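Written below as C-alpha cells is the structure these notes are about.
The values are calculated or read from the model by the stated rules, or taken from the named source; none is laboratory data. Note that the structure is predicted; figures quoted are calculated from it, not measured. We place every Cβ from the backbone using ideal geometry, glycine too, and count neighbours over all the protein chains shown. Ligands, DNA and RNA are excluded from the accessible area calculation, which covers all protein heavy atoms including side chains. Shrake-Rupley method; radii C 1.70, N 1.55, O 1.52, S 1.80 Å.
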Amino acid sequence: MNNSKNVLLFQKQLLAVNGEFISLDENQKVSSLVKEFITSNSIKSIVLSDFSQHQDLVEALEEDTEILADFGSRSYPLDEAGNLCAKADAGITDVYAIIADTGTLVISSRNRGDRLCSSLPPIHLALIGNSKVYLNFEEFIENTPKEHTYALITGPSRTADIEKKLILGAHGPKRVVVFYSEGNAGCT
Amino acid sequence: MLKTKVALFVPCLVDQAAVQTAWATVQILERLGIHLTYDSRQTCCGQAMFNAGYLNNARGSAEKFIRLFHDAEYIIAPSGSCVSMVKHRYADLDLSGSFLRDWESLRLRIFELTEFLVDNLGVDDIGSKFPFKVGIHNSCHALRELGIKAQPLKLLQNVEGLTLVNEDLVDECCGFGGVFSAKYPELSAKMGKHRSQQLEIDSPEFITGVDDSCLMHLKQAFKTNGALPGKTIPQTIHIARILASTSSSPFDSESYSYGGEV
Amino acid sequence: MSTVKYKIKSALHDQQLYAAIQNASNLSTAKRDDQILGLDDYESSRDAAREVRQRSVDYSPRLIEKFTREFTALGGKVYIAANASEANRITINILKSHGAEKGVKSKSMVTEEIFLGRALESAGIDAVETDLGEYIVQLAGEKPSHITAPAMHKSRQSIGRLFAEKLGIKYTDDPAELTEVARGMLRERFLNAEFGISGANFLIAETGHIAIVENEGNVRLGLSIPPVYIAVTGIEKLLEKLADLSPLVKMLAKSATGQKFSGYFHLLKPSREGEDGPEEMHVILIDNGRSRAMADPEMREMMLCIRCGACLNECPVYKTIGGHAYDSTYPGPMGSVLSNLLGRNKMLHQELPDLSTLCGACKDVCPVRIDLPKLLLELRARREKPLSHNMLASGWKWTMESSSRVEVAGKFARMVEKVVPKVMSGGVKPGGPGSFRTQVEKRKSQVESPKSKIRTDDEQ
C-alpha cells in the first residue's frame, strides 16, 4: 500500500470535514511546530495523553504553556481528569491509525487520557507521525487487534439539529488539527 | 408489428371517469396496426380492495382478471398503477392452482401503454402533434414499481409542436393514494397543493402522466388553489390523449371520445 | 375523531411546522442525494448491508449468547429485558446500587420507546438529554418528532424563545449561539455526571464490542467521564462479526445525515487494566415485541431496520404533517410498521399503516431495502375491520364481479358526484356520455361500420 498517497487522500478528506492539516518537513521537529501553533493560537493551557513523544512535547512546551495534566507522567482519578481537561485550551494525543478515504483519526484506549484529551478541550492536536495508515474502514477493521476500544473521529464535533445548519463544536472539539511528519508515518 | 394481438384493459377509473383516455389508447394502438380486442366483462384489477386491506375481495377481482386475460398475447392498460398491481401485488394474494400458474405467465405480458410502445414495439414517434407547453408528473407506481420514466419522455419529445418543461423536477407523490385520499382528504389535498405548485413553476399549459388517478387529484388541486401569482392553471391530460392527437385529428378538450363523436 | 386524525388536523393548520419540516427534510434529502447519486457501488452496498442485517436477524439468539459471553468475560454485564417496565427497572436498579442521582443521556430511540426518561424521573434520578435536538425537546417537554433529528419540527426562533424562557438567557435565534449555550450548560452536567446512558447502533457478537454512531461528541463524553455507563438497545441489533460493520456504517452515515462517514464512531468494550474508560459497563437488551416480530415471516423484515430515518425525510406524508401527528415514538413509514410490532398493545397504532399513499419513496431510499409499502399493506390486511367497512367492501366486491353492476354503480356515482369519494367521480361531468364499456357496446350495435375497428370478445 502506498502510504504517502494515502496520507494525501487523508489530508484531502480531513479538510473536507473541516479538519486542519499541518505537514512537517524532514528538518522540523514535531515539538517545535506544535509550540509554534500553540503560540500563534494563544493557547495558554494544555493536557497531554500518555504517548511515546509526550516527554519531548512537555519539555518543549512547559516554559510558556500551563500543563494542566500529563497522563504520561501520572494517572488521575476520573473526576479530576475530567475537570482538568475541561479547563484546558487544547488537548494533545497521538493517533493509533488514520483512515484515508474518510479523513478519520482512530484513537485507541490503550493510552491513558486519550479519551478526555481528545474530547473535552476546544482544540484537539493530533499527532499522526507514528500512526498506522489504512485506506478505508474495511482495511482498518480487518487489520486491527480486536481486544481494544476505539474511537473513530472524523473532523471536529458537529451538529445540525437547529434547522439543519451545520455548527462545529457541539460537545467535543471545535477544531481538530493534525500534525504529520513525512518519513515517520506508517507501520503497516 | 401488424400481427401483434393486444387485449385492452381499461381500469375501472378510466372506464367510468376518463373515457377519453381509453379511446385515445384505442386510437394509438390501431394507428400502429395492432389487432385490438376488448372484453366488456372486465371490471377492476382489485387494487382498491387490496390497498384497503381486503385481501379476499381483492383475490376475487384478481381471479376474474386472470380468467379473462390469461390467453391474451399482450395486455395493455393506460395506467401504471393497475399494471403494477397485476404484475407485482398479485404475488401477495395467495393465488393458487391454475390462477397462480396463469398469473405467473400473464404478469410477463401485461404492460402500461408507453412502456409497451417504447420497450416492446420499439416505437418512440407515432406521428403525434400537440402544439402546447407540457410538463410531466411521473406517477409513483409507474415510476418506482415499473421503472417508467424514460418511455413517456421519449414519446413526448417526438411529438410535433410540443414543448417539454419541468424535465428536471424532482419526482414526488401527488398525494392521491386511493383510499388514503378518502380517509385523509385534507392531508391528501395539502399534498396535492404542494405537488401542483411544483408543477406550475415552469408555466406549462398541460400536465400529463400515465395515470388518470393522479392527474385527477392534481386537477382538483389546481382548481381548489388557483394559480400561483403570475401563472395560469395548467390542464391535466393523460399522455394517451397527447399521443392520439395528430394534425388530421387534433386535440379537442371538449370531446368525450376520440374524433369528437360518441 | 381518532387521536391521529386530530393531530393531523392540527398539524395541517400549523404553517410554521409545515415550513420547518419541509425545509429540514428537503435539506436532508439533498445531502443524502449528494452522497449517493453517482456512487457506482450504491446498489451493491445496499445488498451487502441487507445481507448482513438478514444474517443478524436469522441468528439472533445465538449472537446474543455469544455477545453476552464476550462482554461479560471482560467484566461487563448484559441483561435481557422482556418489556419496557423490566428494562426501566433494571436501569434504575443499576443506578440505585451506586447511589447515582445525576447523569447524562445520549439520544436513543429505544429509551424513548420504553419511556426511560419518565421512569428515571419518577425514581428521583435526573438524566439530562445531551444530544442538542433531544436537549431541546426535553426542555420543551416534548417527544422527538424524527428518529435522527429530534427537534426538526422547531424553527430557530421557537428554540430561541424556549432557551430564553427555560435557561434565562438573552433571546437569540442564531444556531451557533444556541449551540454554544447548550454546550456550556451541558458541560457542567457532563463533568458532574455519575452515570452515562446511551443507545447502541450495533453489538458485535464475535468480539463483544458496542458500536455507536454520533456527530456531536456527547456520546463520547458520556462514555469517557462518568464511572458507570449503560447502553440500552434492541435485541435485533446484534451483528455476527466486526467486518459486518463495513457496509452498515457507511450506509447509515450516507442515508441518515448525508455524510461520507459519521463524525464519531465508537467501538467500545469494557476497559482493561490501565485503559481509559468507565469503571462499569452494562448492556440492556430489550425485546418488547421484537422476538415476536422476528418469528413472524412477513414482519421480520422490519427487524432489519438500522434507524437511519431516510424514509421519514423522503415520505410525502411525513413531510406534510411531521412526526408528532403519528402519536407514536417511531413516526413515518418505518414507524407506521414498527409501532405495530412493539409493546403489548397491538391495537394502539393500527391506524398508522393508513398514513401512506404507498408511493414507494420509502422503499426506494431504504439502505437495507425494506419493502415498507408491502409491510404497510400486510398490516392493513391483518387489521380487524369495522362492520360498516366490511359491508362496503363486500358491496364493492359484489359490484366488481359483474360489469353490468359496475355500470349501474358508475352511473349512480356520476349522478351523485358530490357525495361519493373522488375515486369514482373525479373529472366526470354529471350527465356525461357514460362509460367506455357502454360506448363500445353502443358502437358495436350500430349497423353502419363503426369508425373504430375495435373487436369485442365474441367477434374474434
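Observations
- Using a simple spin-label model with pseudo-atoms 7 Å out from Cα toward Cβ, residue C:140 and residue A:166 lie 2.5 nm apart.
- Charge dipole of chain C (Cα centre as origin; +1 on each Lys and Arg Cβ, -1 on each Asp and Glu Cβ, all else neutral): 1780 debye, rounded to the nearest 20.
- Within 10 Å of the Cβ of each residue in C:174-183, the mean number of Cβ atoms contributed by other protein chains is 5.
- Local electrostatic count at residue C:391 - Lys and Arg +1, Asp and Glu -1, tallied over other residues with Cβ under 12 Å: +2
- Close amide H partners of residue C:80, meaning residues 5 or more places away or on another chain with modelled amide H under 5 Å apart, are C:285.
- Counts of other chain beta carbons within 10 angstrom of each beta carbon in peptide C:152-158 average 2.
- Legend: calculated FRET efficiency, residue B:129 to residue C:55, from the Cβ-Cβ distance at R0 = 51 Å, rounded to 0.05, equals 0.35.
- Prolate/oblate/rounded call for region A:3-181, Cα gyration tensor, a/c under 1.5 rounded: rounded
- If both residues of a DSSP beta bridge must be in region A:1-108, then about 30% of such bridges are antiparallel.
- Once C-alpha pairs closer than 8 Å and six or more residues apart are averaged by separation and normalised to the residue number of chain C, the relative contact order reads 20 percent.
- At least 20 Å² of accessible area lost relative to the chain alone, listed for region A:106-129 with a 1.4 Å probe: A:109, A:112, A:115, A:116, A:119, A:120
- Chains C and B together bury some 6000 Å² of accessible area, summed over both sides, with a 1.4 Å probe.
- Solvent exposure of region C:245-373 as accessible area per residue, Å², 1.4 Å probe: 25 Å²
- Distance from the Cα centroid of region C:374-400 to that of region C:161-205 is 48 Å (rounded to whole angstrom).
- Listed by chain and number, the aspartates and glutamates whose C-alpha is less than 15 Å from the C-alpha of residue A:174, apart from same-chain residues fewer than 8 away, are A:20, A:89, C:177, C:180, C:216.
- Of A:50, A:79, A:94, the one that fluctuates the most in a GNM where chain A has Cα springs shorter than 10 Å: A:79
- Using θ = phi - 60° and Karplus 6.51 cos²θ - 1.76 cosθ + 1.60, couplings along region C:329-337 (whole Hz; Gly, Pro as x): 4, 9, x, x, x, 5, x, 5, 8
- Interface burial for C against A (accessible surface, 1.4 Å probe, total of both chains, Å², rounded to 100): 4900 Å²
- Projecting the Cα positions of B:51, C:48, C:71 onto the charge dipole of the protein assembly as shown (unit charges on Cβ atoms of Lys, Arg, Asp and Glu, taken about the Cα centre) puts B:51 furthest along the positive direction.
- For residue C:239, the residues whose amide H sits under 5 Å from its own are C:203, C:204, C:205, ignoring neighbours fewer than 5 places away on the same chain, with H placed 1.01 Å from N.
- Mean residue ellipticity, 222 nm, helices only, the protein assembly as shown: the sum of -39500 (n - 2.57) across DSSP H runs of n ≥ 4, divided by residue count and rounded to 500, is -12500 deg cm²/dmol.
- Positive minus negative residues near residue C:119 (Lys, Arg vs Asp, Glu; Cβ under 15 Å): -2
- For chain A, a Gaussian network of Cα nodes joined below 10 Å ranks A:111, A:143, A:18 by mean-square fluctuation, and the top entry is A:143.
- Only helices reaching 27 angstrom along their own axis (Cα) with mean Kyte-Doolittle hydropathy no lower than 0.0 count here, and not one DSSP H run of chain B does.
- Degrees, to the nearest 10: C:60-73 long Cα axis against longest axis of chain C: 10 degrees
- Extension gain (nm, one decimal) between residue A:42 and residue A:62, 0.36 nm per residue minus Cα-Cα: 5.8 nm
- GNM result for chain A, Cα springs below 10 Å: residue of A:65, A:154, A:104 fluctuating most strongly: A:65
- Three-way shape call for chain B based on the alpha-carbon gyration tensor, with the a/c threshold at 1.5: oblate
- 27 Å Cα-Cα threshold exceeded, pairs from B:223/C:385; A:5/C:260; C:7/C:363; B:190/C:166: B:223/C:385; B:190/C:166
- J(HN,Hα) series, region A:13-25, from Karplus relation 6.51 cos²θ - 1.76 cosθ + 1.60, nearest Hz, glycine and proline x: 5, 4, 5, 5, 9, 6, x, 10, 9, 10, 9, 9, 8
- Between region C:223-258 and region A:32-63, the alpha-carbon centres lie 34 Å apart.
- Annotation: aspartates and glutamates with alpha-carbon distance below 18 angstrom to residue C:9 (same-chain offsets under eight excluded): B:186, C:327, C:351, C:354.
- Backbone geometry of region A:141-146 corresponds, through the Karplus equation with coefficients 6.51, -1.76 and 1.60 at θ = phi - 60°, to 3J(HN,Hα) couplings of 4, 5, 9, 9, x, 8 Hz, x marking Gly and Pro.
- Orphan Cys of chain C, criterion: no other Cys C-beta under 4.7 Å: C:305, C:308, C:315, C:366
- Heavy atoms of the protein chains alone define the surface here; on that basis region C:155-220 has 34 Å² accessible area per residue at 1.4 Å probe size.
- The protein assembly as shown, Rg to Rh (Cα coordinates; Rh as Kirkwood inverse mean 1/r): 1.04
- Taking a ≥ b ≥ c as the square roots of the eigenvalues of the Cα gyration tensor, region B:88-191 is classed as oblate, since a/c reaches at least 1.5 and a/b does not exceed b/c.
- Cut-off under 5 Å, modelled amide H: who pairs with residue B:236 long-range: B:207
- Computed about the Cα centre, the dipole magnitude for the protein assembly as shown is approximately 3160 debye when only Lys and Arg (+1) and Asp and Glu (-1) carry charge, each at its Cβ.
- A straight Cα-to-Cα reach below 13 Å connects residue C:66 with the aspartates and glutamates C:206, C:240, residues fewer than 8 places away in its own chain not being considered.
- Once you reduce region C:91-159 and region B:163-230 to the center of their Cα atoms, the two points are 40 Å from each other.
- The relative contact order of chain A, computed from alpha carbon pairs under 8 Å that lie at least 6 residues apart in sequence, is 27 percent.
- Chain C: angle of helix C:436-445 to the longest principal axis, Cα-based, in degrees nearest 10: 20 degrees
- 0 to 90° range, to nearest 10: angle between helix C:3-12 axis and chain C longest Cα axis: 90 degrees
- Under the convention that each Lys and Arg Cβ holds +1 and each Asp and Glu Cβ holds -1, the size of the dipole of region A:23-116 around its Cα centre is about 300 debye.
- Burial ranking of peptide ranges B:128-134, B:171-177, B:94-100 (average Cβ count within 10 Å, highest at the top): B:171-177, B:128-134, B:94-100
- Antiparallel content of DSSP bridges confined to chain A, in %, to 5: 25 percent
- Here the accessible area of region C:143-252 is 51 percent carbon and sulfur, with a 1.4 angstrom probe and all protein chains present.
- Only Cα pairs under 8 Å and 6+ residues apart enter the sum, and on that basis the relative contact order of region A:129-181 stands at 28 percent.
- Listed pairs A:132/C:96; A:87/C:102; A:29/A:164; B:154/C:31 exceeding 32 Å between Cα atoms: A:132/C:96; A:29/A:164
- Counts of other chain beta carbons within 10 angstrom of each beta carbon in peptide B:35-48 average 6.
- For the peptides C:203-215, C:121-133, the ranking by packing is C:203-215, C:121-133, with the highest mean count of neighbouring Cβ atoms within 10 Å listed first.
- Per residue accessible area of chain B, 1.4 Å probe, in Å²: 35 Å²
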